[in-house]
1. Give me a count of the residues in segment 190-221 that are in a helix (DSSP H, G or I) and not aliphatic (A, V, I, L, M).
2. Please give the number of the condition ILE186 fails out of (1) out of contact with any Ser or Thr (no Cβ under 8 Å at 6 or more places or on another chain); (2) in a helix (DSSP H, G or I); (3) under 21 Å from TYR244 (Cα atoms); (4) aliphatic (A, V, I, L, M).
3. Tell me, please, whether a residue that is crowded, with 19+ Cβ neighbours inside 10 Å, over 28 Å from ALA238 (Cβ atoms) and of a type in the set (Val, Ile, Thr) can be found in segment 173-195.
4. Of the numbered conditions (1) within 28 Å of ILE5 (Cβ to Cβ); (2) surrounded by fewer than 18 Cβ atoms within 10 Å (Cβ to Cβ), GLN74 satisfies every one except a single condition; which is it?
5. Among the candidates LEU29, LEU87, LEU46, which residue alone is farther than 26 Å from GLY180 by Cα and of a type outside the set (Asp, Glu)?
6. Out of curiosity, is GLY57 in a loop (DSSP other than H, G, I, E, B), over 26 Å from GLY190 (Cα atoms) and without any contact (Cβ under 8 Å) to a residue 24 or more places away in the chain?
7. Going residue by residue through segment 110-124, is there one that turns out to be closer than 26 Å to TRP219 by Cβ and either out of contact with any helix residue (DSSP H, G or I) (no Cβ under 7 Å at 6 or more places or on another chain) or modelled with pLDDT under 95 (or both)?
8. Being of a type outside the set (Val, Ile, Thr) and surrounded by 22 or more Cβ atoms within 10 Å (Cβ to Cβ) narrows it down to one residue among LEU134, LEU113, LEU129; which is it?
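The values are calculated or read from the model by the stated rules, or taken from the named source; none is laboratory data. The structure presented is a predicted model; accordingly, all values stated were derived computationally and were not measured. All Cβ positions, even for glycine, are placed from backbone atoms using ideal geometry, and neighbour counts span all protein chains on display.
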Amino acid sequence: MPADIVWKNHIALVTGASRGIGQAIAVRLAREGIQMIITARDAEALQQTVTRIEKDGGTAVAIPCDLAVPAQAQSLAQAAVACFGGLDILVNNAGTGLNKPVEESSEEDWDRLFAINAKAPFLLCRECLPALKLSKRPTIINIGSVVGIKGYYRQALYTASKHALMGFTKVLAEEAQAFGIRVHAINPGGVNTSLITQMRPDLDPAQLIQPEEIAEIVWFLLTHRGNGILDDIHVRRASGSPWY
């Protein structure tokens, strides 16, 4: 059966879907007939993603949420599962960064990065697991970063939070395996989003990875469900050094 028929009418939750990678993923999955639940802090920008999806004939429901607030993250999971009566795909894409040396970084900086980049994915995974266990094709995809593998100057707190996400993802994959839930991590280098302007202003925008390229990798992971599983995928800029 073609992949688009297999996934039609399945249900996905994508965080950080008002722009960039999250928006590209939501639009791509909706194009395949997947019913989308999308979230971000900016309700107006989120609605623009809904409009794009509906213009292409897809279905999307927007639930504005500030993932830095744990109670909102938990409420989001419950609302998402109730929206269409279940859940098949969870994409933890929302993230934030910080370009600041350690000695100038505050505890508030640390708490904010960990709340969004590590704690929110944990809460969403924990709250969504019961629904995912009932799915025939349950999948969790955590969007990490190259800094989840290595470190960059002035990015200690950002790097620490993405390392935490990677550690969590590895153990979650072990625990979820018994229930048939596939857990993947995608770790891209510089992607052409507003975040990269903040984190790496030295990079040439013309050489950055496009958000649509990450969306295609998400679709690849969903549609290749044979005996070979990709636990994590490292994606680098073509102009960057191989094997980061």
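1. Selection size over segment 190-221: 11.
2. Going through the list (1) out of contact with any Ser or Thr (no Cβ under 8 Å at 6 or more places or on another chain); (2) in a helix (DSSP H, G or I); (3) under 21 Å from TYR244 (Cα atoms); (4) aliphatic (A, V, I, L, M), ILE186 breaks only (2).
3. Among the residues of segment 173-195, at least one is crowded, with 19+ Cβ neighbours inside 10 Å, over 28 Å from ALA238 (Cβ atoms) and of a type in the set (Val, Ile, Thr), which makes the answer yes.
4. (1)
5. LEU46
6. yes
7. yes
8. Result: LEU113 is the single residue among LEU134, LEU113, LEU129 that is of a type outside the set (Val, Ile, Thr) and surrounded by 22 or more Cβ atoms within 10 Å (Cβ to Cβ).
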